[in-house]
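*Asks:* Quick one: this structure, given as C-alpha coordinates, is what I'll be asking you about.
The values are calculated or read from the model by the stated rules, or taken from the named source; none is laboratory data. Remember, it's a predicted structure, so these values are computed and weren't measured experimentally. As a convention, Cβ positions derive from the backbone with ideal geometry for all residues, glycine included, and neighbour counts pool all protein chains shown.
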Amino acid sequence: MPETDQGLFATALAQFERGAELVGMPADLRSIISQPKNEIIVNFPVRMTDGSFRVFRGYRIQHSNLLGPYKGGVRFHPAVDLDEVKALASWMTWKSALCEIPFGGAKGGISFSPRDHDEDELERIVRRFTHSLGANIGPDHDIPAPDLGSNAQSMVWMMDTYANSTGATERQNVKRVVTGKTLETGGSPGRDKATGQGVVFCLQHWADEVGFDLSSATVAIQGWGNVGSATGRILQVHGTTVTAVADHQGAVADEDGIDAFELTDWVRERGTVKGFPRAGWIDNDDFWSSDVDIFVPAAIENQVRADNAPMIRAKVIVEAANGPTTLEAERLLQDRGVEILPDILVNAGGVIVSYFEWVQNRSAQRWSLDDVDYRLRDVLWRACDTVAEARRDYEVESRRDAAYAVALSRLQAVYQQRGIFP
(Lines give C-alpha, C1' and ligand atoms only; values in the text may rest on other atoms or scores of the structure.)
Protein backbone atom coordinates (compact mmCIF):
# COMPACT_ATOMS: atom_id res chain seq x y z
CA MET A 1 0.00 0.00 0.00
CA PRO A 2 1.43 3.45 -0.89
CA GLU A 3 2.08 5.40 2.29
CA THR A 4 -0.31 8.21 1.35
CA ASP A 5 -3.11 5.64 0.95
CA GLN A 6 -2.84 4.74 4.61
CA GLY A 7 -5.52 6.47 6.63
CA LEU A 8 -4.41 9.28 8.91
CA PHE A 9 -5.96 7.58 11.91
CA ALA A 10 -3.82 4.50 11.22
CA THR A 11 -0.75 6.75 11.44
CA ALA A 12 -2.02 8.20 14.71
CA LEU A 13 -2.57 4.70 16.09
CA ALA A 14 0.93 3.58 15.10
CA GLN A 15 2.43 6.56 16.94
CA PHE A 16 0.20 5.85 19.93
CA GLU A 17 1.29 2.19 20.04
CA ARG A 18 4.97 3.16 20.15
CA GLY A 19 4.34 5.41 23.13
CA ALA A 20 2.10 2.86 24.84
CA GLU A 21 4.82 0.24 24.49
CA LEU A 22 7.35 2.54 26.13
CA VAL A 23 5.19 3.12 29.22
CA GLY A 24 4.07 -0.52 29.44
CA MET A 25 0.40 0.30 29.03
CA PRO A 26 -1.82 -2.78 29.50
CA ALA A 27 -3.68 -4.04 26.42
CA ASP A 28 -7.14 -3.34 27.86
CA LEU A 29 -6.26 0.27 28.62
CA ARG A 30 -4.76 0.68 25.15
CA SER A 31 -8.04 -0.43 23.61
CA ILE A 32 -9.94 2.17 25.65
CA ILE A 33 -7.63 5.14 25.11
CA SER A 34 -6.91 4.50 21.45
CA GLN A 35 -10.50 4.96 20.25
CA PRO A 36 -12.78 8.02 20.42
CA LYS A 37 -15.58 8.01 22.97
CA ASN A 38 -18.08 9.58 20.57
CA GLU A 39 -18.26 9.99 16.79
CA ILE A 40 -20.94 12.51 15.80
CA ILE A 41 -21.98 13.01 12.16
CA VAL A 42 -24.62 15.58 11.21
CA ASN A 43 -26.19 16.27 7.81
CA PHE A 44 -27.85 19.66 7.63
CA PRO A 45 -29.49 21.76 4.89
CA VAL A 46 -28.44 25.34 4.18
CA ARG A 47 -30.16 27.85 1.94
CA MET A 48 -27.79 29.25 -0.68
CA THR A 49 -27.84 32.82 -1.95
CA ASP A 50 -29.68 31.78 -5.11
CA GLY A 51 -32.51 30.30 -3.03
CA SER A 52 -31.55 26.65 -3.53
CA PHE A 53 -30.70 24.31 -0.66
CA ARG A 54 -27.57 22.24 -0.21
CA VAL A 55 -27.00 19.50 2.36
CA PHE A 56 -23.64 19.64 4.16
CA ARG A 57 -22.00 16.92 6.23
CA GLY A 58 -20.33 17.86 9.50
CA TYR A 59 -18.35 15.93 12.09
CA ARG A 60 -17.52 16.21 15.78
CA ILE A 61 -15.25 13.53 17.19
CA GLN A 62 -14.93 13.47 20.97
CA HIS A 63 -11.85 11.42 21.71
CA SER A 64 -11.35 11.78 25.47
CA ASN A 65 -12.62 13.87 28.37
CA LEU A 66 -10.64 12.11 31.08
CA LEU A 67 -8.58 15.20 31.97
CA GLY A 68 -11.23 17.82 31.25
CA PRO A 69 -13.81 18.98 28.68
CA TYR A 70 -13.39 17.86 25.08
CA LYS A 71 -11.35 20.47 23.18
CA GLY A 72 -10.43 20.89 19.55
CA GLY A 73 -10.78 22.88 16.38
CA VAL A 74 -13.35 22.95 13.61
CA ARG A 75 -11.93 22.42 10.13
CA PHE A 76 -13.56 23.63 6.89
CA HIS A 77 -12.05 21.78 3.93
CA PRO A 78 -13.26 19.50 1.12
CA ALA A 79 -11.01 16.67 2.37
CA VAL A 80 -12.57 16.56 5.85
CA ASP A 81 -13.75 13.03 6.58
CA LEU A 82 -14.25 10.71 9.53
CA ASP A 83 -10.75 9.19 9.37
CA GLU A 84 -9.01 12.57 9.36
CA VAL A 85 -11.05 14.04 12.19
CA LYS A 86 -10.55 10.94 14.37
CA ALA A 87 -6.78 11.31 14.02
CA LEU A 88 -6.87 15.03 14.76
CA ALA A 89 -9.07 14.45 17.83
CA SER A 90 -6.66 11.88 19.25
CA TRP A 91 -3.70 14.22 18.77
CA MET A 92 -5.60 16.86 20.74
CA THR A 93 -5.86 14.45 23.67
CA TRP A 94 -2.11 13.82 23.65
CA LYS A 95 -1.30 17.55 23.35
CA SER A 96 -3.39 18.48 26.35
CA ALA A 97 -1.97 15.66 28.46
CA LEU A 98 1.60 16.46 27.42
CA CYS A 99 1.24 20.14 28.30
CA GLU A 100 -0.80 19.47 31.47
CA ILE A 101 -3.77 21.47 30.19
CA PRO A 102 -7.03 20.35 31.89
CA PHE A 103 -8.74 19.54 28.60
CA GLY A 104 -9.47 16.38 26.67
CA GLY A 105 -9.33 15.95 22.92
CA ALA A 106 -11.87 16.55 20.16
CA LYS A 107 -12.02 17.75 16.58
CA GLY A 108 -14.74 18.77 14.18
CA GLY A 109 -15.23 19.86 10.63
CA ILE A 110 -17.45 20.35 7.63
CA SER A 111 -16.61 18.84 4.28
CA PHE A 112 -16.72 21.87 1.96
CA SER A 113 -14.55 24.64 0.54
CA PRO A 114 -15.21 27.98 2.28
CA ARG A 115 -13.66 29.81 -0.69
CA ASP A 116 -16.67 28.79 -2.79
CA HIS A 117 -19.14 30.71 -0.61
CA ASP A 118 -19.79 34.35 0.16
CA GLU A 119 -19.89 35.60 3.75
CA ASP A 120 -23.66 35.32 4.07
CA GLU A 121 -23.59 31.67 3.00
CA LEU A 122 -20.65 30.96 5.31
CA GLU A 123 -22.56 32.41 8.24
CA ARG A 124 -25.60 30.26 7.51
CA ILE A 125 -23.43 27.14 7.14
CA VAL A 126 -21.67 27.74 10.45
CA ARG A 127 -24.85 28.57 12.32
CA ARG A 128 -26.74 25.54 10.98
CA PHE A 129 -23.78 23.30 11.85
CA THR A 130 -23.73 24.68 15.40
CA HIS A 131 -27.48 24.23 15.74
CA SER A 132 -27.21 20.64 14.46
CA LEU A 133 -24.55 19.83 17.05
CA GLY A 134 -26.89 21.09 19.76
CA ALA A 135 -25.98 19.86 23.24
CA ASN A 136 -23.03 17.90 21.90
CA ILE A 137 -20.97 21.04 22.53
CA GLY A 138 -20.99 23.20 25.64
CA PRO A 139 -18.74 25.52 27.70
CA ASP A 140 -17.89 22.76 30.18
CA HIS A 141 -18.43 19.82 27.86
CA ASP A 142 -16.92 20.31 24.38
CA ILE A 143 -15.24 23.54 23.29
CA PRO A 144 -14.55 24.15 19.56
CA ALA A 145 -11.87 26.49 18.17
CA PRO A 146 -10.65 27.69 14.76
CA ASP A 147 -8.72 25.35 12.47
CA LEU A 148 -7.92 25.07 8.78
CA GLY A 149 -10.48 27.09 6.80
CA SER A 150 -12.24 28.59 9.83
CA ASN A 151 -11.37 31.74 11.75
CA ALA A 152 -12.31 34.06 14.62
CA GLN A 153 -15.50 35.18 12.86
CA SER A 154 -16.60 31.55 12.51
CA MET A 155 -16.17 31.12 16.25
CA VAL A 156 -18.21 34.24 16.97
CA TRP A 157 -21.06 32.86 14.85
CA MET A 158 -20.83 29.54 16.71
CA MET A 159 -20.81 31.27 20.08
CA ASP A 160 -23.75 33.51 19.22
CA THR A 161 -25.80 30.62 17.86
CA TYR A 162 -25.16 28.53 20.95
CA ALA A 163 -25.86 31.48 23.29
CA ASN A 164 -29.20 32.15 21.61
CA SER A 165 -30.13 28.50 22.11
CA THR A 166 -29.80 28.85 25.89
CA GLY A 167 -31.92 30.65 28.44
CA ALA A 168 -31.68 34.43 28.57
CA THR A 169 -30.07 34.39 32.02
CA GLU A 170 -27.30 32.05 30.87
CA ARG A 171 -26.17 33.82 27.72
CA GLN A 172 -23.31 35.71 29.38
CA ASN A 173 -22.06 32.50 30.95
CA VAL A 174 -21.59 30.54 27.74
CA LYS A 175 -19.12 32.71 25.82
CA ARG A 176 -16.43 30.17 26.59
CA VAL A 177 -18.29 27.55 24.52
CA VAL A 178 -15.71 28.34 21.82
CA THR A 179 -12.23 29.82 21.87
CA GLY A 180 -10.34 31.73 19.21
CA LYS A 181 -12.99 34.46 19.15
CA THR A 182 -12.35 38.07 18.20
CA LEU A 183 -11.02 40.28 21.00
CA GLU A 184 -14.22 42.30 21.00
CA THR A 185 -16.36 39.23 21.76
CA GLY A 186 -14.18 37.70 24.48
CA GLY A 187 -11.14 36.38 22.66
CA SER A 188 -7.68 36.37 24.20
CA PRO A 189 -4.75 38.56 23.18
CA GLY A 190 -2.22 36.41 21.39
CA ARG A 191 -4.64 33.71 20.23
CA ASP A 192 -4.22 34.56 16.54
CA LYS A 193 -0.46 33.93 16.69
CA ALA A 194 -0.53 31.33 19.46
CA THR A 195 0.37 28.26 17.40
CA GLY A 196 3.17 30.04 15.55
CA GLN A 197 4.46 31.55 18.79
CA GLY A 198 4.48 28.09 20.35
CA VAL A 199 6.40 26.71 17.37
CA VAL A 200 9.12 29.29 17.93
CA PHE A 201 9.25 28.70 21.71
CA CYS A 202 9.76 24.96 21.11
CA LEU A 203 12.40 25.66 18.48
CA GLN A 204 14.17 28.01 20.89
CA HIS A 205 14.21 25.29 23.54
CA TRP A 206 15.71 22.81 21.06
CA ALA A 207 18.31 25.38 19.97
CA ASP A 208 19.36 26.00 23.57
CA GLU A 209 19.49 22.27 24.21
CA VAL A 210 21.79 21.46 21.26
CA GLY A 211 23.73 24.73 21.07
CA PHE A 212 22.21 26.04 17.85
CA ASP A 213 22.13 29.75 16.97
CA LEU A 214 18.70 30.77 15.67
CA SER A 215 19.84 34.31 14.90
CA SER A 216 22.09 33.11 12.06
CA ALA A 217 19.85 30.30 10.79
CA THR A 218 17.82 29.89 7.61
CA VAL A 219 14.34 28.40 7.34
CA ALA A 220 11.97 27.05 4.67
CA ILE A 221 8.26 27.05 5.49
CA GLN A 222 5.59 24.99 3.76
CA GLY A 223 2.22 26.68 4.17
CA TRP A 224 1.72 30.42 4.69
CA GLY A 225 -1.62 30.43 6.46
CA ASN A 226 -2.15 31.55 10.03
CA VAL A 227 0.44 29.18 11.52
CA GLY A 228 3.12 29.36 8.85
CA SER A 229 3.01 33.14 8.48
CA ALA A 230 3.07 33.75 12.24
CA THR A 231 6.02 31.37 12.58
CA GLY A 232 7.88 33.16 9.79
CA ARG A 233 7.27 36.62 11.18
CA ILE A 234 8.32 35.68 14.72
CA LEU A 235 11.44 33.87 13.50
CA GLN A 236 12.37 36.89 11.40
CA VAL A 237 12.21 39.08 14.50
CA HIS A 238 14.62 36.62 16.14
CA GLY A 239 17.07 37.05 13.27
CA THR A 240 16.28 33.85 11.37
CA THR A 241 16.20 34.30 7.58
CA VAL A 242 13.19 32.96 5.69
CA THR A 243 14.63 31.83 2.35
CA ALA A 244 11.85 29.65 0.86
CA VAL A 245 8.07 29.46 1.21
CA ALA A 246 5.57 27.15 -0.49
CA ASP A 247 1.79 26.89 -0.55
CA HIS A 248 -0.92 25.13 -2.56
CA GLN A 249 -0.07 27.10 -5.71
CA GLY A 250 3.72 26.90 -5.73
CA ALA A 251 6.85 28.18 -4.06
CA VAL A 252 9.07 31.27 -3.90
CA ALA A 253 12.64 31.68 -2.70
CA ASP A 254 15.35 34.25 -2.11
CA GLU A 255 18.67 33.26 -0.56
CA ASP A 256 19.05 36.79 0.83
CA GLY A 257 15.74 36.48 2.66
CA ILE A 258 12.01 36.91 2.10
CA ASP A 259 10.37 39.61 4.21
CA ALA A 260 7.78 37.63 6.19
CA PHE A 261 5.67 40.71 6.91
CA GLU A 262 5.48 41.79 3.28
CA LEU A 263 4.68 38.23 2.19
CA THR A 264 1.89 38.04 4.78
CA ASP A 265 0.33 41.22 3.38
CA TRP A 266 0.60 39.83 -0.16
CA VAL A 267 -1.05 36.51 0.77
CA ARG A 268 -3.78 38.23 2.75
CA GLU A 269 -4.77 40.15 -0.38
CA ARG A 270 -4.27 37.41 -2.98
CA GLY A 271 -4.60 34.10 -1.13
CA THR A 272 -1.29 32.67 -2.33
CA VAL A 273 2.46 33.30 -2.41
CA LYS A 274 2.31 33.02 -6.21
CA GLY A 275 3.51 36.16 -7.94
CA PHE A 276 5.17 37.68 -4.87
CA PRO A 277 7.43 40.27 -6.52
CA ARG A 278 10.27 40.23 -4.00
CA ALA A 279 11.25 36.58 -4.44
CA GLY A 280 11.91 34.21 -7.32
CA TRP A 281 9.56 31.43 -8.46
CA ILE A 282 10.93 27.90 -7.89
CA ASP A 283 9.54 24.45 -8.63
CA ASN A 284 8.41 21.94 -6.04
CA ASP A 285 11.61 19.85 -6.01
CA ASP A 286 13.76 22.95 -5.54
CA PHE A 287 11.65 23.94 -2.56
CA TRP A 288 12.00 20.55 -0.85
CA SER A 289 15.76 20.54 -1.46
CA SER A 290 16.25 24.09 -0.15
CA ASP A 291 19.63 24.53 1.53
CA VAL A 292 18.30 25.60 4.94
CA ASP A 293 18.92 24.83 8.60
CA ILE A 294 15.25 24.54 9.60
CA PHE A 295 12.29 23.08 7.70
CA VAL A 296 8.78 23.89 8.95
CA PRO A 297 5.82 21.96 7.50
CA ALA A 298 2.87 24.20 8.39
CA ALA A 299 0.24 23.10 5.88
CA ILE A 300 -1.81 19.89 6.06
CA GLU A 301 -1.05 16.28 6.94
CA ASN A 302 1.12 13.78 4.99
CA GLN A 303 3.27 16.40 3.27
CA VAL A 304 6.69 15.02 4.25
CA ARG A 305 6.71 11.66 2.47
CA ALA A 306 9.15 8.98 1.39
CA ASP A 307 9.47 10.60 -2.05
CA ASN A 308 10.54 14.03 -0.79
CA ALA A 309 12.11 13.29 2.61
CA PRO A 310 15.48 12.37 0.99
CA MET A 311 15.55 15.86 -0.57
CA ILE A 312 15.34 17.68 2.75
CA ARG A 313 18.70 19.16 3.75
CA ALA A 314 17.66 20.79 7.02
CA LYS A 315 19.11 19.90 10.42
CA VAL A 316 15.70 19.92 12.08
CA ILE A 317 12.07 19.53 11.02
CA VAL A 318 9.61 21.47 13.15
CA GLU A 319 6.10 20.05 12.79
CA ALA A 320 3.90 23.13 12.93
CA ALA A 321 1.13 21.20 11.13
CA ASN A 322 -0.77 18.20 12.46
CA GLY A 323 0.54 14.89 11.16
CA PRO A 324 2.76 16.34 8.41
CA THR A 325 5.25 13.46 8.36
CA THR A 326 4.38 9.95 7.22
CA LEU A 327 5.72 6.96 9.13
CA GLU A 328 8.09 5.94 6.34
CA ALA A 329 9.41 9.48 5.90
CA GLU A 330 10.05 9.68 9.65
CA ARG A 331 12.16 6.50 9.49
CA LEU A 332 14.16 7.82 6.54
CA LEU A 333 14.84 11.14 8.27
CA GLN A 334 15.82 9.52 11.55
CA ASP A 335 18.25 7.23 9.73
CA ARG A 336 19.94 10.35 8.37
CA GLY A 337 20.11 11.96 11.81
CA VAL A 338 17.57 14.71 11.04
CA GLU A 339 15.87 15.89 14.22
CA ILE A 340 12.06 15.98 14.25
CA LEU A 341 10.28 18.17 16.77
CA PRO A 342 6.85 16.47 16.98
CA ASP A 343 3.49 18.06 16.30
CA ILE A 344 1.86 17.16 19.62
CA LEU A 345 4.48 19.35 21.31
CA VAL A 346 5.36 21.96 18.69
CA ASN A 347 1.88 23.09 17.68
CA ALA A 348 0.29 22.88 21.12
CA GLY A 349 0.43 26.67 21.50
CA GLY A 350 -3.07 26.97 20.05
CA VAL A 351 -4.76 24.77 22.63
CA ILE A 352 -2.73 26.31 25.45
CA VAL A 353 -3.84 29.86 24.62
CA SER A 354 -7.35 28.53 24.01
CA TYR A 355 -7.24 27.32 27.60
CA PHE A 356 -6.10 30.80 28.67
CA GLU A 357 -9.06 32.32 26.79
CA TRP A 358 -11.46 29.86 28.42
CA VAL A 359 -10.09 30.75 31.87
CA GLN A 360 -10.37 34.48 31.15
CA ASN A 361 -13.99 34.09 30.02
CA ARG A 362 -14.81 31.95 33.03
CA SER A 363 -13.36 34.43 35.50
CA ALA A 364 -14.34 37.64 33.63
CA GLN A 365 -10.71 38.72 33.19
CA ARG A 366 -8.63 40.14 30.36
CA TRP A 367 -4.90 39.36 30.37
CA SER A 368 -2.30 41.40 28.54
CA LEU A 369 -0.43 40.04 25.52
CA ASP A 370 2.80 40.00 27.52
CA ASP A 371 1.09 37.96 30.23
CA VAL A 372 -0.28 35.48 27.69
CA ASP A 373 3.11 35.07 25.98
CA TYR A 374 4.87 34.62 29.31
CA ARG A 375 2.41 31.95 30.43
CA LEU A 376 2.58 30.20 27.04
CA ARG A 377 6.36 30.06 27.15
CA ASP A 378 6.27 28.73 30.69
CA VAL A 379 3.88 25.88 29.80
CA LEU A 380 5.76 24.89 26.64
CA TRP A 381 9.20 25.20 28.24
CA ARG A 382 8.15 22.78 30.97
CA ALA A 383 6.72 20.40 28.35
CA CYS A 384 9.96 20.55 26.36
CA ASP A 385 11.96 19.90 29.54
CA THR A 386 9.78 16.89 30.30
CA VAL A 387 10.23 15.46 26.80
CA ALA A 388 14.00 15.86 27.07
CA GLU A 389 13.95 14.05 30.41
CA ALA A 390 11.77 11.28 28.95
CA ARG A 391 14.27 10.72 26.12
CA ARG A 392 16.93 10.05 28.73
CA ASP A 393 14.71 8.02 31.05
CA TYR A 394 13.33 5.77 28.29
CA GLU A 395 16.61 5.78 26.34
CA VAL A 396 14.99 6.74 23.03
CA GLU A 397 16.21 9.08 20.30
CA SER A 398 12.77 9.95 18.98
CA ARG A 399 11.31 13.08 20.53
CA ARG A 400 7.91 11.97 19.28
CA ASP A 401 8.10 8.69 21.18
CA ALA A 402 9.28 10.54 24.28
CA ALA A 403 6.40 13.05 24.00
CA TYR A 404 3.86 10.24 23.66
CA ALA A 405 5.38 8.46 26.64
CA VAL A 406 4.89 11.57 28.79
CA ALA A 407 1.30 12.12 27.65
CA LEU A 408 0.25 8.48 27.92
CA SER A 409 1.88 7.95 31.31
CA ARG A 410 -0.24 10.83 32.66
CA LEU A 411 -3.43 9.42 31.16
CA GLN A 412 -2.57 5.93 32.40
CA ALA A 413 -2.05 7.21 35.94
CA VAL A 414 -5.48 8.86 35.99
CA TYR A 415 -7.20 5.75 34.63
CA GLN A 416 -5.47 3.61 37.25
CA GLN A 417 -6.52 5.95 40.04
CA ARG A 418 -10.12 6.51 38.89
CA GLY A 419 -10.83 3.05 37.54
CA ILE A 420 -13.48 2.18 35.00
CA PHE A 421 -17.13 2.71 36.01
CA PRO A 422 -19.11 0.65 36.84
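*Asks:* Being among the polar types (S, T, N, Q) and in a helix (DSSP H, G or I) is the filter here, so list the residues in the stretch 103-143 that pass it.
*Replies:* Result: Thr130, Ser132, Asn136.
*Asks:* Counting only residues that are outside any helix (DSSP H, G or I), over 18 Å from Trp381 (Cβ atoms) and in contact (Cβ under 8 Å) with a residue 24 or more places away in the chain, how many does the stretch 165-205 have?
*Replies:* Number satisfying all stated conditions: 13.
*Asks:* Within the stretch 213-222, is even one residue at pLDDT below 95 and not small (Gly, Ala, Ser)?
*Replies:* no
*Asks:* Next question. Determine which member of the set Ser52, Ser34, Ser96 is polar (S, T, N, Q) and buried (at least 18 other Cβ atoms within 10 Å of the Cβ).
*Replies:* Ser96
*Asks:* Continuing with this model, one more query. For the stretch 334-359, which positions are in a helix (DSSP H, G or I) and either free of Cβ contacts under 8 Å to residues at least 12 places away in the same chain or farther than 24 Å from Glu84 by Cα (or both)?
*Replies:* Within the stretch 334-359, Gln334, Asp335, Phe356, Glu357, Trp358, Val359 meet the criteria.
*Asks:* Right, here's the next one. So, in the stretch 288-298, exactly how many residues are surrounded by fewer than 21 Cβ atoms within 10 Å (Cβ to Cβ) and not charged (D, E, K, R)?
*Replies:* Total satisfying the criteria: 1.
*Asks:* Next question. In the stretch 206-235, how many are more than 19 Å from the chain's Cα centre (by Cα) and in a helix (DSSP H, G or I)?
*Replies:* 8
*Asks:* Quick one: Arg375 ticks every box in (1) touching a residue at least 24 places away in the same chain (Cβ under 8 Å); (2) surrounded by 15 or more Cβ atoms within 10 Å (Cβ to Cβ); (3) out of contact with any helix residue (DSSP H, G or I) (no Cβ under 6 Å at 6 or more places or on another chain); (4) closer than 14 Å to Glu100 by Cα except a single one, so which number is it?
*Replies:* Here Arg375 meets the rest and fails (1).
*Asks:* Also: May I ask you to verify whether Ala321 is touching a helix residue (DSSP H, G or I) at 6+ places or on another chain (Cβ under 8 Å), closer than 26 Å to Ala230 by Cβ, assigned to a helix (DSSP H, G or I) and of a type in the set (Gly, Ala, Ser)?
*Replies:* no
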